[in-house]
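A.B. asks: One structure is given below, represented as structure tokens, and several questions about it will come after.
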Amino acid sequence: MMLIMNLWNLSTLLFILPSLINCAVIVNDADIDEQGLYSKSDHVVILTQRNFERRVYGQNHAAVVQFYNSYCGHCRAFAPKFKALSSEIVPWRNIIQLKVIDCSVEENNEICREFEVMAYPSLRYIHEHYVKANGNVGDRIMMTDTGEKLKSHLITKMQTEQSMGRLAFAPKFDIASYTSYAGAVAGVPHDVTYTFLVFENENSTVGSELALDINDYKQIKVKRVYDISELAAVAGLTHFPGLVAVHLSTLQPTPLTPINPTKQNLLRTINTFLKSKQYIFPDRDIPDPEANTNEHSDENNQPKSNTDTVYYSDLEKTLKTSLYTEITRHKILSGEALNALLSYLDVLKTSFPYKTNNLRDFIEDLYNTLQTRMEWSGGDIYDLVKKLENTHAPIFITQLEYIGCKGSQSKYRGYTCGLWTLFHTLTVNAAQKSGTKGPQVLRAMHGYVKHFFGCTECSEHFQAMAARNRLFDVKENDKAVLWLWISHNEVNLRLAGDLTEDPEYPKIQFPSVSKCPECRLARGAWNLPAVYQYLENMYGAANIQEFRKSRSAASAPSPFSNLDIGMLSLLLVLRVWADSLLD
Ligand SMILES: Cc1cc2nc3c(=O)[nH]c(=O)nc-3n(C[C@H](O)[C@H](O)[C@H](O)COP(=O)(O)OP(=O)(O)OC[C@H]3O[C@@H](n4cnc5c(N)ncnc54)[C@H](O)[C@@H]3O)c2cc1C
Ligand SMILES: *[C@@H]1O[C@H](CO)[C@@H](O)[C@H](O)[C@H]1NC(C)=O
């Protein structure tokens with residue numbers, strides 16, 4: 001009997017199993033809780049390839065979508081501001097929502113390409129009932145350095161939208177002149193108890209913001225009134241924005257303007273007033289932007305890698321991101337950008353320290369195929385990369401993870417570190433081979449960074465530095481190695497203490513005194529032959545580690561930054577030296 005029962009259970013299980021699998025397929029287009037720099041607790045909608053259509057098109061609210069790269073410094077710096085804004089505007093959610101998509105994730109590639117995102121972060125306004133169509137890539141919203149400015153841009157945009165007939169479900173943002181209270185509240189629905197008149201100038205966004213803040217309370221409304229209108233004089237207002245509550249059935253006005261009429265103070269005043277009238281106005285915590293940086297530090301129990309060791313895994317991972325995600329992001333690739341891609345592949349072909357022929361053949365095949373056409377779409381390049389990966393499989397031999405470039409938290413290091421590592425490796429390995437490919441590596445790096453590197457501010461800085469330090473004048477292999485070293489140090493100097501700096505990996509003038517005492521001469525000057533030797537050892541093919549070194553071999557980075565030599569004198573040494581390098 002037992003046996004029969006068990007058999008029966010087993011067969012029902014087998015019967016149920018396929019439907020469970022079907023469930024998993026449905027779950028597949030569900031929202032995810034966390035990706036890149038954001039999690040759901042930040043009050044943003046996390047968009048991915050899987051939920052994009054469902055969460056962007058045909059919505060009955062407007063949205064701002066932020067396209068970002070999780071490794072881009074500006075994106076990281078902007079994230080806490082965006083999060084603070086999104087928690088602040090939670091009460092606006094029926095009208096507008098903030099959404100984010102990480103373009104450095106391979107699965108999101110196609111969307112970022114279709115939206116023609118070429119700078120990171122980028123903001124696009126998506127109006128309600130948006131439809132999917134060619135060229136429907138949202139309206140560009142200017143990037144700002146603060147959440148406060150972004151909020152006022154948003155409000156201005158929403159005012160414009162409403163004046164064009166959209167956002168009918170939002171509070172009315174229009175502003176007018178009145179001579180009497182009766183006139184001012186004439187159009188207000190009868191179920192409203194109090195109308196708050198906000199007197200301000202046409203360009204002020206405070207009134208609209210208040211209206212949005214309290215939009216979900218049916219019995220109260222906000223109405224904007226010109227500060228220069230006659231009613232302002234009637235109300236005896238002398239400073240603006242001014243606030244007057246008007247009881248709709250009695251037309252009884254109550255002047256409420258606080259001493260310092262910021263939006264927060266106005267909102268508090270409204271709150272206090274309504275409480276005094278026993279009107280149920282739920283307290284909303286006024287969000288504290290400071291409390292909202294939401295650091296989710298991932299536990300890192302593993303021993304720290306030796307920072308001055310190059311790991312093959314880092315090189316593979318960087319290569320994969322660059323070939324699968326970055327170069328495929330242009331909608332159309334031709335002319336200078338296509339040439340930049342070909343130069344990049346060309347230096348990879350000749351100077352990458354391959355540990356297998358598969359990867360080498362893959363790169364060669366990719367290079368040769370891309371050469372056959374004058375123009376490629378990003379989508380076609382992606383398909384080609386995938387196809388050639390199959391042809392030459394397996395092309396990667398590591399776990400494709402950052403080891404040398406692993407940050408103490410996921411928001412630090414990673415790809416940008418990998419890219420430096422890759423190009424140092426290429427200059428050193430080019431120099432160790434016959435011919436003079438070194439200078440070509442620098443040019444390829446310049447082209448790559450200009451056209452493909454998804455860290456927009458890095459790209460701009462690097463191009464400016466390349467011009468200043470005369471990258472295109474470098475003619476020899478060893479000078480290419482040293483050019484990249486000194487320019488990287490210039491970047492390290494600029495970024496020391498920056499908020500993108502991983503506290504566990506301080507930006508130093510490389511190599512550190514402790515790692516290479518012989519690299520320094522008296523008074524902070526560099527011993528160039530020793531530096532060259534050091535770079536050759538570190539980035540040379542023979543020393544690239546395939547696997548993580550054992551714990552005993554790993555050493556923590558020096559806690560002392562050797563920037564205390566004095567920034568100015570150091571800069572001077574760098575500049576003088578950079579000039580002599582090119583003479
Ligand atoms: C072209 C480029 C431009 C960038 N511009 C900016 C920018 O404008 N703003 C911004 O916020 N971030 C920028 N970044 C990112 C930034 O430089 C770092 O990559 C990031 O902060 C991570 O730092 P990290 O500690 O991993 O070390 P990284 O600076 O990424 O260095 C990686 C590794 O290279 C080695 N190394 C360090 N210095 C040298 C050197 N001088 N010579 C040889 N090897 C060295 C070390 O082992 C180090 O761990 C840029 C990156 C690149 C590739
Ligand atoms: C509002 O902004 C416009 C455009 O910047 C400007 O011309 C106008 O004078 C401003 N109005 C007020 C009252 O400041």
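A.B. asks: Within region 386-426, can you find the residues that are among the hydroxyl-bearing types (Ser, Thr, Tyr) and farther than 22 Å from Phe362 by Cβ?
C.D. replies: Answer for region 386-426, where residues must be among the hydroxyl-bearing types (Ser, Thr, Tyr) and farther than 22 Å from Phe362 by Cβ: Ser408, Ser410, Tyr412, Thr416.
A.B. asks: For region 229-258, give me the residue count where each residue is farther than 15 Å from Val192 by Cα and of a type in the set (A, V, I, L, M).
C.D. replies: The qualifying residues number 9.
A.B. asks: Another question, then. List the pairs whose first member sits in region 241-270 and is over 23 Å from Tyr178 (Cα atoms) and in the same structural domain as Thr205 (by TED's automatic domain parsing), whose second member is assigned to a loop (DSSP other than H, G, I, E, B) and open to solvent by 40 Å² or more (accessible area, probe 1.4 Å), and whose Cβ atoms are under 7 Å apart, counting only residues at least 6 apart or on separate chains?
C.D. replies: Here the result reads Gln264/Ile286, each pair linking region 241-270 to a residue that is assigned to a loop (DSSP other than H, G, I, E, B) and open to solvent by 40 Å² or more (accessible area, probe 1.4 Å).
A.B. asks: Taking Val192, is it of a type outside the set (Gly, Ala, Ser) and away from ligand 2 (no atom under 16 Å from the Cβ)?
C.D. replies: yes
A.B. asks: In the set Lys433, Lys411, Lys406, which member is open to solvent by 20 Å² or more (accessible area, probe 1.4 Å) and under 15 Å from Ser351 (Cβ atoms)?
C.D. replies: Going through Lys433, Lys411, Lys406 in turn, the sole match is Lys433.
A.B. asks: Under the condition of being at pLDDT below 85 and not charged (D, E, K, R), which residue from region 500-552 is farthest from Ala431 (Cα to Cα)?
C.D. replies: Top of the filtered list is Ser552.
A.B. asks: Looking only at region 199-212, filter to residues that are within 19 Å of Thr254 (Cβ to Cβ), open to solvent by less than 10 Å² (accessible area, probe 1.4 Å) and in a helix (DSSP H, G or I); which one of those is nearest to ligand 2 (Cβ to nearest atom)?
C.D. replies: Gly207
A.B. asks: What are the pairs, 6+ residues apart or on separate chains, where a residue within region 188-203 that is polar (S, T, N, Q) has its Cβ under 9 Å from a residue that is within 16 Å of ligand 2 (Cβ to nearest atom)?
C.D. replies: These pairs meet every condition: Asn201/Ile175; Asn201/Tyr226; Asn201/Asp227; Asn201/Ile228; Asn201/Phe240; Asn201/Pro241; Asn203/Thr156.
A.B. asks: Working carefully through the options His330, His392, find the one that is open to solvent by 20 Å² or more (accessible area, probe 1.4 Å) and over 26 Å from the mean Cα position of the chain (by Cα).
C.D. replies: When all the criteria are applied, what remains is His392.
A.B. asks: Name the single residue that is surrounded by the most Cβ atoms within 10 Å (Cβ to Cβ) among those in region 127-145 being aliphatic (A, V, I, L, M) and closer than 27 Å to Tyr382 by Cα.
C.D. replies: Top of the filtered list is Val137.
A.B. asks: Would you check which residues across region 34-58 are of a type in the set (Ser, Thr, Tyr) and part of a loop (DSSP other than H, G, I, E, B) and list them?
C.D. replies: Listed by number, the residues that qualify are Thr48, Tyr57.
For every residue, the table says whether it meets (1) farther than 23 Å from Pro91 by Cα; (2) more than 16 Å from ligand 1 (Cβ to nearest atom); (3) at pLDDT 90 or above.
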site	(1), (2), (3)
Tyr178	yes, yes, yes
Phe196	no, yes, yes
Val206	no, yes, yes
Leu210	no, yes, yes
Asp213	no, yes, yes
Asn271	no, yes, no
Asp283	no, yes, no
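A.B. asks: So for region 485-495 (the condition being loosely packed, with under 15 Cβ neighbours inside 10 Å, not small (Gly, Ala, Ser) and not in a helix (DSSP H, G or I)), does at least one residue qualify?
C.D. replies: no
A.B. asks: Which members of region 150-197 meet the condition of being under 42 Å from the mean Cα position of the chain (by Cα), aliphatic (A, V, I, L, M) and in a helix (DSSP H, G or I)?
C.D. replies: Within region 150-197, Leu150, Leu154, Ile155, Met158 qualify.
The values are calculated or read from the model by the stated rules, or taken from the named source; none is laboratory data. Model, not experiment: these values are computed from the prediction. Quick reminder, even Gly has a Cβ in these numbers, built from the backbone with ideal geometry, and neighbours come from all protein chains shown. These area figures cover heavy atoms from the full protein model, side chains too; ligands, DNA and RNA do not enter into them. Shrake-Rupley method; radii C 1.70, N 1.55, O 1.52, S 1.80 Å.
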